[in-house]
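Scroll down for the structure; my scribbles are underneath it.
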Amino acid sequence: MWKLHRYYLKELTINVGITFLVLFAVVLTSLVYRGIQRSQGGSPIDAVLIVVYWALDSFQHLLTISFLLATVTTFTRAAMDRELTAIRAAGISPRVPLAAAILVGLFLTALGSFALHYAIPTVHFQKYRVIPEAIRNAFLSMNLGGDRLKLPNSDYLMTFRSRDADRGEFYGCTVYCPKPPVEGVSPILFVDKVSMPGDKKSPWLRIVFDGIHDPLGGATMGSHYEAVIARDSLTDRGRRDERDDDLRSDQLLAEVQKGVHRRPYEAVYSLFRRCCFSLMPLVLAPIGFCIAEFARDRGRVAALLLSLVPLGLFYLGEVMSARLLLSSQNPWVGWLPLGFLAVFGLPLCWRQLRR
């Protein structure tokens with residue numbers, strides 16, 4: 001029996017690995033444009049981080065889909081080659097080759113459980129922080145092309161003749177300010193030097209104007225003017241409050257038990273949803289095996305098309321559970337996707353495994 005287990009275990013493991021890598025590569029490729037677009041002003045490393053974080057955030061979906069496709073492909077090949085028929089004719093239960101799928105599904109369930117409860121929330125948090133950091137670093141390093149710079153947190157537009165990128169200083173500047181800081185000052189000012197001193201790690205950014213000249217001769221700001229702004233304001237467009245998806249499961253559970261979570265039913269729903277996703281490989285192992293046996297005389301294409309049915313039911317349950325949570329505030333609806341799979345999978349497995 002162990003030789004039979006090892007035979008299918010090896011083939012299924014290779015198929016799962018190849019399918020996952022192919023799907024992950026497709027997701028990475030599809031996110032390249034988004035990474036480049038969202039990292040404008042940053043470095044190539046920032047674009048790579050954005051692409052990788054967004055791709056890793058889909059880990060649970062890729063793991064589920066790749067395992068089901070690999071299981072169906074592996075055992076459809078075995079069924080079309082009459083291997084499963086020979087196993088039955090030898091008096092061996094179909095549960096013996098199914099055990100290989102269950103072992104792989106159990107391993108992937110453990111891996112997915114760790115990832116969903118601990119690793120993926122961290123990735124989900126970090127993927128929304130790369131963009132603000134990219135913009136902040138780009139501004140602080142002054143790695144900007146051209147002779148124009150839009151000052152942060154304002155409508156100011158500055159042009160300059162020369163600059164010292166290492167010291168963060170601009171010379172021969174013309175500043176256009178539609179709303180001047182001093183009433184009566186011209187909206188166009190000539191400034192000899194604009195600098196941004198201070199520690200880059202400080203939460204505050206100082207902008208110093210030296211040698212200010214008003215070409216229209218209106219009210220004066222003096223020859224020296226300083227503005228202090230919060231560095232977080234550089235990235236208002238990328239700001240995002242912390243959500244349940246950003247917290248590990250132990251942190252969510254601690255907030256619920258301490259009574260500090262604003263909507264505890266949503267936190268519990270997130271926990272149930274993660275558990276539901278992590279159990280998917282183990283649940284799909286017998287379903288994928290039975291689909292392969294059912295499509296023995298119909299070919300691989302028919303088997304792959306049939307595999308879309310449990311996936312569609314699962315994601316239908318995912319959407320419906322989110323809708324029901326808003327109306328009922330009952331966190332147990334997080335298990336609805338597995339309920340849909342049970343309605344489809346139990347009759348199928350009962351029919352195929354008892355033949």
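The values are calculated or read from the model by the stated rules, or taken from the named source; none is laboratory data. Quick caveat, the model's predicted, so the values are computed rather than measured. All Cβ positions, glycine included, derive from the backbone under ideal geometry; neighbour counts span all protein chains shown. In case anyone asks, the SASA skips ligands and DNA or RNA and just uses the protein heavy atoms, side chains included. Shrake-Rupley method; radii C 1.70, N 1.55, O 1.52, S 1.80 Å.
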Inset, instruction - Project the alpha carbons of the stretch 282-355 onto their principal axes and report the range along each, largest first, in whole Å. - result: 46, 25, 16
Legend entry - Accessible surface of the stretch 1-124, 1.4 Å probe, proportion on carbon and sulfur as whole %: 73 percent
Legend entry - Rounded FRET efficiency, nearest 0.05, which uses the C-beta distance separating Val22 from Gln329 and R0 of 30 Å: 0.15
Inset, instruction - Mind checking the full-extension length gain between Asp166 and Arg263? Use 0.36 nm per residue of separation minus the Cα-Cα distance, one decimal, nm. - result: 30.1 nm
Legend entry - Extension gain, Arg95 back to Ser223 (0.36 nm per residue minus Cα-Cα distance, nm): 37.5 nm
Inset, instruction - Pop a pseudo-label 7 angstrom from the Cα along the beta-carbon direction at both Val48 and Glu318 and give the gap in nm to one decimal. - result: 2.9 nm
Inset, instruction - Set the Förster radius R0 to 35 Å, insert the Cβ-Cβ distance between Ala254 and Ser58 as r into 1/(1 + (r/R0)^6), and round the FRET efficiency to 0.05. - result: 0.85
